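No lab work stands behind these numbers, since they all come straight from the coordinates. Keep in mind that this is a model prediction, so the values were computed, not measured. Note that each Cβ is placed from the backbone with ideal geometry, even for glycine, and that neighbours are counted across all protein chains shown.
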Amino acid sequence: MTIFIRFIIVSIALMFFGFFYFYINEDKYYPGADFTTSDMPNFEIKDLYSERIFNVKDLEGSYLINVWASWCITCRIEHSFLSKLESKNIPIIGLNYKDEEEDAISWITRFGDPYKYIIHDYKGNLALDLGVTGAPETFLLNDGKIIVHYRGEVNDMIWNDVFKPIIKRENLFNVN
Amino acid sequence: MLIKVFLFFSIIFSSFTLGKSLYDFESVEDEKRFYSLIKEIRCPKCTSGSLASSNAPVSEDIKLKIIDLIKEGKSDQEIKEFLSDRFGNQILYNPGLSKDTYLLWLAPGFFLMIILLIFFFRKRT
Amino acid sequence: MCFIFSFFLNSKDIFIINLVSRIYTHSFFIFLSSFFIYIWLAISDNFSVLYIAQHSNINLPVFYKISSIWSAHEGSMFLWIIFLTSWGAVYNLLTSNDQPLKAKTLGVISITSVGFLLFLLLTSNPFETILPVPPENGADINPVLQDPLLAIHPPMLYMGYVGFVIAFGQAIAFLFEGNTNIRWEKQVRSWSVVSWSFLTLGIALGSWWAYYELGWGGYWFWDPVENVALMPWLAATAFIHSLSASSKSSILRIWTLLLSILVFSLSLFGAFIVRSGIIDSVHSFANDPERGLYLLAFIGLLVMISLLLFSFRFNLLLSNKKIISLSKESFISINNILFGTLIFSTMLGVMYPLIYEFLYDQKISVGAPFYNAIFVPITLLACIFLYFSIDTKWQQSFNLKSLYRPSFLSITVSGIIVFLAFYKLSITNFWTLSSLLIGLIIIIRYLIVIYFYFAHKKFANLYSVIAHCGLGLLIISIALNNNLSSERALNIKINETEIYKDHQVSFTNLKMVPGPNFDSVQAEFLIVNPNGKTYTLTPEKRKYFARGQVTTETAIRAFFLKDIYMTIGDQLDDGSWIVNIQFNMFIRWIWFSAIIMVAAGFLLAHSLSRSRS
């Protein structure tokens, strides 16, 4: 009986500390990356420049959605990388998040437009449906399904470590 | 006494107007539901903390959405599902009862029972 | 050296004991002076020390320069170890050299300290320098940390945590010696009760600070770091009760031994969790896997060795004595089991998200709903057993009949009050009413005990009575606070008035006020209660220069039965402000209950140490 108790005490303690050892050593990777698949939510939002209304049926194939705003400082840093992606013919749809129309337009005029088109989500309704918590955030979609949701700035490293593997696996964007 | 009189008249005769609540509720029950719900929903942007304890912009947005949902007549469970569909299960501080969480909820009871059994039936040498 | 001498030489030899004692004292004084030097470095703005440059500033008041020492990892670890060795030093001083366990206890304390000191020096050196050119001025510390209460909260907490090293050391020494006749429990009682009081005080201070500083009116969040402080407290509470049984007879000695190892292990575990970066929390210090691994290894080693020692030697303490049913010991045992379940559940709640994420790569949160569901029923159950234990005696079954008269009185009076609460305050929640009932029953029963003590000279341990009354009050306060408090977010412009709960809330003034290292917006509100009395509350928003941080300062007006609590939010486009107003009922009672328990603890420890000598 006492041997049994000894065994229990020691093994529980070992498992306990062992767990923490493995947990600490685990490559935490990128906490901002979320790979759960979900459907693109339905929406009806105006384009930034015109009165045209977009809805989910307008989106086809594979593309990125980038959440940005003129008040978002990190977005300025991310912008050059997005331009690089655009030059490689990767379609990016801009989701202008809780921004005044004039501020957004002057930001784009100043820094350039890497987007295929920009949805003006003034109230943040679509963003809420997408689970957006701030800017910048970037989604990768294929066939109406969200397959990557990254919270934070996308740069070379993030693109290579987080997005590229999925793009390769799903064989998207032909070129890359 | 004089102060009371003064205040009374100043309120009646001044251009004081009645303010509104930011969060517009149809009933006291709704208001109570709201305040109790936001304690159970995690702030998705903070390292830890509920919506009640956070004034991050996204927290405010979610709170206003919850109010809308309450007004639409959605139940607490529906509201929680709405949010977890969009922000993931981790937004709920109540992990719920699912096949993944049976262990969590039942383990304390089992632990108590096992210890009680050991305690009452142990042999003395 | 102390460790080596005490464990590998004959520690019963008086020469060895004297030697160990002397070595300890000398090393301690050297170590302590290094801490005083550090304080001097902080006060004299010596920014060549990296840590001081990172956390202090020329413009800080002296008090905060000193408290900045423990505002982050390296310094607070330093403080932790200072307290650890200080407890050892006081133990050394107050324990006579003919105590058989003294040398080994000091040995355990020493080796623990050495382990942490190595950790400090190798991974988190507070003395690291910026040379050859030190900065002109330090960084401003987080403005949220510039608060007197928050400055005292860590020292009190650490005093509690590390105080249990004495019980731990004695337990290990005892196990090693293997002599069941040594009554280590008796010796350890006053040390443990003092540590418990500090721990209770530290937790209460942290909770009170969170209440008035963080702006959302809550006082306990079931944050992993809070939980990790609660677990040692639960174990400590069970421990001091078990200790009172074991020090009187050889009952429950195994429980007491196990608990003494558990309390200190949980304290160490807490230090590990907070400093390893595993848990993301507002509380946790910088994330660093290297530190985490070192701590894990060292703490794991300590705990494993003590558990191994326990598992090989506990059979020494198996006694033939049965615990007599319905004796005081039996109730203590049952509550030990209940507390053990609480500790297990808390640990489960903390670990579950980690394990889940490790296995499934998905996040899950475990928060208040889980902990409340477990804690409320079990705590109330423990209180019911506490109530029954009031009449019990040591090692005797108690006469159920003697329970009838006082129970009748306490239950009737409590029942009336609960009915009034139900009827007049519309409290319908089962748990609230139950908590109210049980808390009241305990308090009234103890009042009867006090009456008999003074009127009929019937024996009672008054300190224990007071502490338990504090517990009853705590349960009542928490239940009522939870059920009766309310809040509302107002959208209000200057010179507007809103009615909230029969009180008029008028926005009377808005000022921009410059401060020493911040700018603030002060909003003044005039509250008129139903009886016409007026109060002014001035919540603020501050922007600090150094880091651009914006904080909200709550405005609180405290009353006997409630706090009126206000914060200001953002200003909207139409010029109106978002203002949050809360009525927190019975909140002062919660702090008051905690203070009662802390005071009773200190007084009890004092009386115990007096009766020992």
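A few comments on the model shown:
- Here the spin labels are modelled as points 7 Å beyond Cα on the Cα-Cβ line, and at A:Asn171 and B:Thr47 they lie 4.5 nm apart.
- Taking all Cα pairs closer than 8 Å and separated by 6 or more residues, the relative contact order of chain A comes to 28 percent.
- Near-label residues of region C:564-593 by backbone N, under 17 Å of a point 7 Å along Cα→Cβ of C:Asn531: C:564, C:586
- Cut-off 13 Å (backbone N to label point 7 Å along Cα→Cβ of A:Lys84), residues of region A:115-157: A:154-157
- For chain C, the relative contact order works out to 11 percent when only alpha carbon pairs closer than 8 Å and six or more residues apart are counted.
- FRET E, pair C:Glu524, C:Ser48, Förster distance 60 Å, beta-carbon r, rounded to 0.05: 0.85
- Phi angles across region C:401-406 convert, under the Karplus curve 6.51 cos²θ - 1.76 cosθ + 1.60 with θ = phi - 60°, into 3J(HN,Hα) values of 4, 5, 7, 4, 5, x Hz, Gly and Pro given as x.
- Neighbourhood net charge (12 Å Cβ-Cβ; Lys/Arg +1, Asp/Glu -1) for C:Leu205: -2
- Distance in nm between pseudo-label sites at A:Thr36 and A:Asp161 (7 Å out along the Cβ direction from Cα): 2.3
- Gap separating the Cα centres of region C:502-524 and region A:120-161, nearest whole Å: 39
- Out-of-range pairs (alpha-carbon distance over 18 Å; input B:Lys65/C:Lys543; B:Lys32/C:Lys493; C:Lys511/C:Lys543; A:Lys145/B:Lys45): B:Lys65/C:Lys543; B:Lys32/C:Lys493; A:Lys145/B:Lys45
- Test item: B:104-115 mean partner chain Cβ contacts at 10 Å: 5
- Average other protein chain Cβ within 10 Å of Cβ, residues C:341-347: 4
- Axis of helix A:101-111 versus longest Cα principal axis of chain A: the two differ by about 80°, to the nearest ten degrees.
- Dipole moment magnitude, nearest 20 debye, region C:467-613 about Cα centre, only Lys, Arg, Asp, Glu C-beta charged: 760
- Cα-based shape type of region C:41-126, given that a ≥ b ≥ c are square roots of the gyration tensor eigenvalues and the cut on a/c is 1.5: prolate
- Across peptide A:16-23, the average count of Cβ atoms from other chains found within 10 Å of a residue's Cβ is 6.
- Gyration tensor (alpha-carbon) shape descriptor, chain A, a/c threshold 1.5: prolate
- Residue order, fewest to most surrounding Cβ atoms within 10 angstrom, among C:Leu471, A:Leu128: A:Leu128, C:Leu471
- Short-range pairs are left out: with C-alpha atoms under 8 Å and at least six residues apart, the relative contact order of region B:23-96 is 32 percent.
- Rough spin-label spacing in nm, given labels placed 7 Å along Cα→Cβ, for A:Lys123 and C:Ser96: 8.2
- Ordering C:Gly569, C:Leu473, C:Ile443 by the projection of their Cα atoms onto the charge dipole of region C:424-573, which places +1 on the Cβ of Lys and Arg and -1 on the Cβ of Asp and Glu, puts C:Ile443 at the extreme positive end.
- Stretch gain in nm, segment A:Asp47-A:Phe7, where the contour uses 0.36 nm per residue and the Cα spacing is subtracted: 7.7 nm
- Convex hull per residue volume in Å³, alpha carbons only, for region B:23-96: 81
- Positive-pole candidate from A:Gly152, A:Val162, A:Phe7, dipole of chain A, charges at beta carbon: A:Phe7
- Calculated SAXS-style log₁₀ I(q)/I(0) at q = 0.06, 0.10 Å⁻¹ - the protein assembly as shown, Debye, Cα scatterers: -0.49, -1.31
- For chain C: rounded, prolate or oblate by the Cα gyration tensor [a/c cutoff 1.5]: oblate
- 3J(HN,Hα) along region B:31-39, derived from phi through the Karplus expression 6.51 cos²θ - 1.76 cosθ + 1.60 where θ = phi - 60°, amounts to 4, 5, 4, 4, 5, 7, 5, 5, 7 Hz, with x in place of Gly and Pro.
- Selection from A:Phe43, A:Thr133, A:Leu82, by position along the positive dipole direction of region A:32-170 (Cβ): A:Leu82
- Cα-Cα over 19 Å, subset of A:Lys98/B:Lys39; A:Lys98/B:Lys63; C:Lys401/C:Lys457: A:Lys98/B:Lys39; C:Lys401/C:Lys457
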